[in-house]
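The values are calculated or read from the model by the stated rules, or taken from the named source; none is laboratory data. What you are looking at is a predicted structure, and each value in this text was computed from that prediction instead of being measured. Cβ: placed from backbone, ideal geometry, glycine included. Neighbour counts: every protein chain shown. For the accessible areas, the whole protein counts, side chains as well, though only heavy atoms, and no ligand, DNA or RNA atoms are used. Shrake-Rupley method; radii C 1.70, N 1.55, O 1.52, S 1.80 Å.
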Amino acid sequence: MYLYDSKTAQILEQTCIKKNKCGFLLMMRAAYTVLNFAKKKLQGRLWCVVGPGNNGGDAIGVAALAFLENIDTRCIRLTSSIKGDAALSYEFSQNLNLKFQADLPQIHSLKQGDVIIDGVFGIGISRPPEGLMAHAIEWINEAHSNGITVISIDVPSGLNATNGQPFGRVVRADATIMCLTAKQGCYTGQSPDLTGELCFADLGIKNSNNLISPNSYLLSSNQLTAPNRSPIAHKGNYGNVLVLGGWDGMEGAGFLAGIAALRTGAGKVYICGPKTERQPYELINIPRDINKFKSILSTMDVLIVGPGLGQDADEFIETAWSETIPLIMDADGLRWLAKANLTKQRKSFWIGTPHPGEAAALLKENCDDRFKVLEALYQKFGGKWVLKGPGTLIGPKPIFINPLANSALATAGSGDVLAGIIGGLVAQKAFDPELLGVYLHSKAACYALAENKKTLLASDIVNKIGNALASFD
């Protein structure tokens, strides 16, 4: 799916209107789509909250079409200024003799089975809501907390459609209907906690990407190809992985990464560092000796550096960074990178997999805009990046967004498994291993969640990697 930021979505909308002279038509198609969705939830009264922009016009359209169907409807107009196509929607409603009210009713007057249509703000918002608009958002959220269904048009009012961060007060919706374009901000940042069920309606405008190029893409299996497995191949055909990790007290992190690489299909996996007799039989141990570490590098296809490594491995990491072998850096590898003060980017292929805290340490600053963080990481260090978190970003050229957002993945070792999956794919010379790795990690988690329902262990994800790969068959 093609995704757009707020600016590009507005340009595309205006391009469509200019080309087809269909602004009011698009507004009514949006209203029709939203109403049909609302009717599935509606068992009482429909409340349409109308703000000053085109989303307000959409909400008026919903009210007008509901009125035509003899649905009990109340339309709350928050502003006297209605312009453009929204004015046409208002005129249409007046020709139907639809009545408006200016005041938000008392919450107790709403009943279970009512539905609120949030048309306060759309993608054009650029600052925190104030005054009556902020009060309307608070009113909607109070109703939501009392069990009233809230449906937002395009984005929950107050949400930045570009990066998924609230401007200030923001609606918490049960569902969000994205119209004409899918908004990238609805899939990452804070948005997974605010948008509810996400739906997309193209409003009859097909192949809109031919008019305006998208800003990013939603990750799906359609863009990906799993590695081929020949029935006559042997382990030497699928690459050697070396995990630098699993040091004192953190052996599990290194083991998870190594077993994940094997589950993904790597031929052999070595691990340098653990000092325990409880090592998985499938992993080949390399002593924690810098000379032995250097001596084996020429036989490796990829290095995974960082899972459970600790802070005393600088010489090993510096060696890994200076080699030309493909490199996956996670956890303590990224912490080394944050303090290394490098003056040059690594020219050889490498992938970084930070969570937001590690990204902040790498950039020496905090930033809520995940898209800016992704670009800044690339500009500073080169490579490819997997910025973990709800709505993981992969990129930046181009940017893909993983639609999965589930706190079950917020468990110790989950990131180590992801690094191992990506490393295993690199060893097999898979296409776009960073994209495929994120997808397989999420897919495996979904298989595990189908059995475990609410919570996961990292090993649960490892055990379902094969199922995720089999979904490509």
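Here is how the numbers come out for the structure above:
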{"item": "Which numbered condition Val386 fails, given (1) open to solvent by less than 20 Å² (accessible area, probe 1.4 Å); (2) assigned to a helix (DSSP H, G or I); (3) touching a strand residue (DSSP E or B) at 6+ places or on another chain (Cβ under 8 Å)", "result": "(2)"}
{"item": "Selection count where residues are open to solvent by less than 20 Å² (accessible area, probe 1.4 Å) and either of a type in the set (A, V, I, L, M) or outside any helix (DSSP H, G or I) (or both), scope the stretch 349-359", "result": "6"}
{"item": "Which listed residue, of Ala87, Ala38, is closer than 28 Å to Gly131 by Cβ and in contact with a strand residue (DSSP E or B) (Cβ under 9 Å, 6 or more places away or on another chain)", "result": "Ala38"}
{"item": "Qualifying residue in the stretch 422-432 (condition: among the charged types (D, E, K, R), open to solvent by 10 Å² or more (accessible area, probe 1.4 Å) and at negative phi)", "result": "no"}
{"item": "Any hit, the stretch 390-406, residues being part of a helix (DSSP H, G or I) and out of contact with any Leu (no Cβ under 7 Å at 6 or more places or on another chain)", "result": "no"}
{"item": "Whichever residue in the stretch 253-295 is β-branched (Val, Ile, Thr) and over 21 Å from Ala458 (Cβ atoms) and, among such residues, is most open to solvent (accessible area, probe 1.4 Å)", "result": "Ile284"}
{"item": "Tally, over the stretch 319-348, of residues that are in contact (Cβ under 8 Å) with a residue 60 or more places away in the chain and part of a loop (DSSP other than H, G, I, E, B)", "result": "3"}
{"item": "Residues satisfying the stated conditions in the stretch 104-124, i.e. without any contact (Cβ under 8 Å) to a residue 60 or more places away in the chain and under 19 Å from Ile82 (Cβ atoms)", "result": "Leu104"}
{"item": "Selection status of Lys41, open to solvent by 80 Å² or more (accessible area, probe 1.4 Å), farther than 30 Å from Leu224 by Cα and touching a residue at least 60 places away in the same chain (Cβ under 8 Å)", "result": "yes"}
{"item": "Condition met for Asn20 (within 30 Å of Ile399 (Cβ to Cβ) and surrounded by fewer than 17 Cβ atoms within 10 Å (Cβ to Cβ))", "result": "yes"}
{"item": "Candidates Asp103, Asp85 - the one that is at pLDDT below 95, farther than 26 Å from Asn146 by Cβ and open to solvent by 10 Å² or more (accessible area, probe 1.4 Å)", "result": "Asp85"}
{"item": "Ile232 more than 18 Å from Glu434 (Cβ to Cβ) and open to solvent by less than 40 Å² (accessible area, probe 1.4 Å)", "result": "no"}
{"item": "Filter pass, Thr324 being open to solvent by 20 Å² or more (accessible area, probe 1.4 Å) and either of a type in the set (A, V, I, L, M, F, W, C) or over 30 Å from the mean Cα position of the chain (by Cα) (or both)", "result": "yes"}
{"item": "All positions within the stretch 114-134 that are closer than 17 Å to Cys186 by Cα and touching a Cys at 6+ places or on another chain (Cβ under 8 Å)", "result": "Gly119"}
{"item": "Among the residues listed as Val171, Val150, the single one being closer than 19 Å to Ala63 by Cβ, part of a loop (DSSP other than H, G, I, E, B) and open to solvent by less than 10 Å² (accessible area, probe 1.4 Å)", "result": "Val171"}
{"item": "Some residue of the stretch 176-197 being on the phi > 0 side of the Ramachandran plot and either among the small types (Gly, Ala, Ser) or open to solvent by 20 Å² or more (accessible area, probe 1.4 Å) (or both)", "result": "yes"}
{"item": "Residues being open to solvent by 20 Å² or more (accessible area, probe 1.4 Å) and over 16 Å from the mean Cα position of the chain (by Cα) - total across the stretch 153-168", "result": "2"}
